[in-house]
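Below is one structure; the comments refer to it alone.
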Ligand code: DGJ
């Protein structure tokens, strides 16, 4: 296992997978990615064939050889491979051709890190690094390819560094992180599209000739597309078949494209989308392309997802709350919106405490002139007219009830109606002399600028140090337009998008170092920046502004393909729901929110006694099941309800000693059909008892015969069943 190099055949082997490439004649070819193959050189699969209009490098006479048809590790633009490419550079003489050839390799213990960028880290795992250096010797441009091998996780990471070793400036017009070539096109593409309040809907279609892909040009990874995608064989299901995942560890513009070529090969490319991308490298400078987490499973989509769940939970997420139990919180947004007083917040805290909730989060509206979304962003000073008595006093009052206190910020944004904008209009991303675009009535601060970041950072620190604040919700409610920075010269404006994200990461790194005990929850109008990059800085992200439990079934289903439940911010809200008007039982709302970090977002002082009783039970149950839910193996047992009449999912302990089955039946029917759900991840020979009953089942019976779903009265009813191994 690990990294094997034999005659310049590089095999990266994990427990169940192998990734192979080969250096030959100076070219770095891709050989194979799939189940283990020992150290067999898979290049026997290459069959030379003369394809018209697919030419040869100058030194090669054989018309059967062409870069246009071979599988390549890191294709560059301009030397006869006409498929999608990773690297496009422009040189001082106006030429735009890069010819990358193998120079050297190095195998290192442990996992590489990327300066200024999020990436998987070794943690408790065994990991190794392979570095392969390629070079265009005519322009002295080097590319160092990084491969991280996580044996037990079945994960291989990729990233690269482009170094200008020459004497002249190089302009990078594209600098993708990786390409992955397949010698066939029999693959389906799964991606996760959406919109505000309906993120990450799974869509699957078979590859056709030409391009199929997803991308963001919004400056954020976005609600609309997600930087995680899967290629799988057409027969792959949850339980069966070959699947390849690619998760881009980056929160800005991205591109994930699959291209099927003339020869029916497929190329997957992943990198920073290159609209308005132009990065300059002076002699000696380098550019680091962000990491991609690759995983392969021949046991279907469910196993692929579980690989990502583990990798992100344990080797991307960091800090105290990676492992510490996160408090059950109540957020006041849907309870009060902007209209709250300290008395109201304390009243919510008191009632919440009685029901077992542990933290109150004060959302938007506590600072500057912020009684609506027209004003105030940037003025991170407590509005003492609204918070009479001040923040410290409020936090103390909340703490006295026995509750922790959390607070909302939107650090990257600025309102025109703010003192900050009046003092520094050039701090917003706008282009002088041009009208700009607003969204949610606000502008975006130029986070590529250090002075801007430092000012906001200092303001945030002052607030966070002024009281016993134990949680921050980091929101960001619009995408970028008018991307131009007053601090960069005209010819470097193509760097602003990426520098914005680097600035964001720098800010978050400093914040987490300064406040290691504060739990940060990311948010971008819900799940508009739900990506592995952000998860490196905060272990949970508000999954969607849609809190309707039935809509959440779809959102959380799609999200579960690439991300663990420990990252999914999910709350019980009031009915009729504020986004859809739908009413769903408290029980179902609780079960759905438990497939996430769990909390409440409603005016608890107005709940009926029955509902309060239910909240108490839910909170107790969530705490009891916390470990099973957050660290257990997650199984999707149905689709998102598009075809299935019910939606079911399950958490199973890694040692198979218990499992928590969740089923939400969508529409009640007269004269109904009877449903049986197959349980997963149990020991076939063990007896399981349904907790709180005398019902007993053999593991293999539950997994092969199934568990009978009772007939439930009314729409959107649910069951939650806890199976515990029973030792007679
Ligand atoms: C969008 C978030 O997703 C909401 O939860 C809330 O925090 C609002 N912003 C506040 O403006």
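From the list 312, 293, 330, which residue is in contact with a helix residue (DSSP H, G or I) (Cβ under 7 Å, 6 or more places away or on another chain), within 16 Å of the ligand (Cβ to nearest atom) and in contact (Cβ under 8 Å) with a residue 40 or more places away in the chain? Before the answer, list the steps.
On the way: 312 fails: within 16 Å of the ligand (Cβ to nearest atom); 293 fails: within 16 Å of the ligand (Cβ to nearest atom).
Only one candidate passes the filter, namely 330.
Can you report the number of residues in region 694-711 which are free of Cβ contacts under 8 Å to residues at least 24 places away in the same chain, assigned to a loop (DSSP other than H, G, I, E, B) and touching a strand residue (DSSP E or B) at 6+ places or on another chain (Cβ under 9 Å)?
Going through region 694-711 one residue at a time, the tally reaches 2.
Go through region 532-545 and count every residue that is within 16 Å of the ligand (Cβ to nearest atom) and either buried (at least 24 other Cβ atoms within 10 Å of the Cβ) or not in a loop (DSSP other than H, G, I, E, B) (or both).
Residues meeting the conditions: 7.
Taking strands (runs of 3 or more DSSP E) that fall entirely within region 154-196, which contain at least 2 residues that are modelled with pLDDT of 95 or more and within 24 Å of residue 15 (Cα to Cα)? Give the derivation first.
Values: elements: 155-164, 170-175, 178-182, 188-195.
Passing ranges, in order: 155-164, 178-182.
Answer with yes or no whether residue 555 is farther than 20 Å from residue 318 by Cβ, within 16 Å of the ligand (Cβ to nearest atom) and either at pLDDT below 95 or crowded, with 21+ Cβ neighbours inside 10 Å (or both).
Numbers: farther than 20 Å from residue 318 by Cβ: yes; within 16 Å of the ligand (Cβ to nearest atom): yes; either at pLDDT below 95 or crowded, with 21+ Cβ neighbours inside 10 Å (or both): yes.
Yes.
Would you check which residues across region 244-265 are crowded, with 24+ Cβ neighbours inside 10 Å and within 22 Å of residue 307 (Cβ to Cβ) and list them?
245, 247, 248, 249, 250, 251, 254, 256, 258
A quick yes/no check of all residues on (1) in the same structural domain as residue 465 (by TED's automatic domain parsing); (2) within 16 Å of the ligand (Cβ to nearest atom); (3) not in a helix (DSSP H, G or I):
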| site | (1), (2), (3) |
| --- | --- |
| 325 | no, no, yes |
| 339 | no, yes, yes |
| 353 | no, no, no |
| 360 | no, yes, yes |
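Here is a list: 676, 605. Which entry is part of a strand (DSSP E or B) and either over 30 Å from residue 324 (Cα atoms) or not assigned by TED's automatic domain parsing to the domain that holds residue 708 (or both)?
Values: 605 fails: part of a strand (DSSP E or B).
Just a single option satisfies the conditions, and that option is 676.
This table checks each residue for (1) away from the ligand (no atom under 16 Å from the Cβ); (2) at pLDDT 95 or above; (3) touching a strand residue (DSSP E or B) at 6+ places or on another chain (Cβ under 8 Å); (4) not assigned by TED's automatic domain parsing to the domain that holds residue 218.
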site: 403; (1), (2), (3), (4): yes, yes, yes, yes
site: 430; (1), (2), (3), (4): yes, yes, yes, yes
site: 433; (1), (2), (3), (4): yes, yes, no, yes
site: 438; (1), (2), (3), (4): no, yes, no, yes
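How many of the residues in region 652-710 are touching a helix residue (DSSP H, G or I) at 6+ places or on another chain (Cβ under 9 Å) and modelled with pLDDT under 95?
Adding up the residues that qualify gives 0.
Here is a yes/no grid of residues against (1) within 16 Å of the ligand (Cβ to nearest atom); (2) free of Cβ contacts under 8 Å to residues at least 40 places away in the same chain:
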| residue | (1), (2) |
| --- | --- |
| 426 | no, no |
| 470 | no, no |
| 477 | yes, no |
| 487 | no, no |
| 490 | no, yes |
| 494 | no, no |
| 501 | no, no |
| 514 | no, no |
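Considering only region 608-632, state which residues are outside any helix (DSSP H, G or I) and either within 16 Å of the ligand (Cβ to nearest atom) or touching a residue at least 12 places away in the same chain (Cβ under 8 Å) (or both).
Scanning region 608-632 gives a single hit, 632.
The values are calculated or read from the model by the stated rules, or taken from the named source; none is laboratory data. Because the structure is predicted, anything quoted here is derived from the model rather than measured. We place every Cβ from the backbone using ideal geometry, glycine too, and count neighbours over all the protein chains shown.
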